[in-house]
1. Pairs please, first residue from the range 28-47 and part of a helix (DSSP H, G or I), second anywhere and modelled with pLDDT under 95 and surrounded by 10 or more Cβ atoms within 10 Å (Cβ to Cβ), Cβ atoms under 7 Å, 6+ apart in sequence or on different chains.
2. Out of curiosity, is Ser51 small (Gly, Ala, Ser), part of a helix (DSSP H, G or I), modelled with pLDDT of 85 or more and at negative phi?
Amino acid sequence: MAVTRMIYNAIMKRNSTYVSTIFAGSFMFSIGFDSLTSAWWEQHNKKKLWSTVRENVSSPSPALDRKEH
């Protein structure tokens, strides 16, 4: 009971504090969720993303430099 009363007095007693806590919590959750999903996506698609394929695509191969007559 002491913990719930402490949470109530610290966070939920005033509406402005309660709403601010909800906004701050949702903001931190969105940053964490975005970071985790981006890391998972990059790990899952390791050799399919432009950042990993760029070196192979940007430099033309020597076979393309020759013109066949």
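1. Close Cβ pairs satisfying both conditions: Glu42/Leu49.
2. No.
The values are calculated or read from the model by the stated rules, or taken from the named source; none is laboratory data. Note that the structure is predicted; figures quoted are calculated from it, not measured. Because the Cβ atoms are built from the backbone with ideal geometry, glycine has one as well, and the counts that use them run over all protein chains shown.
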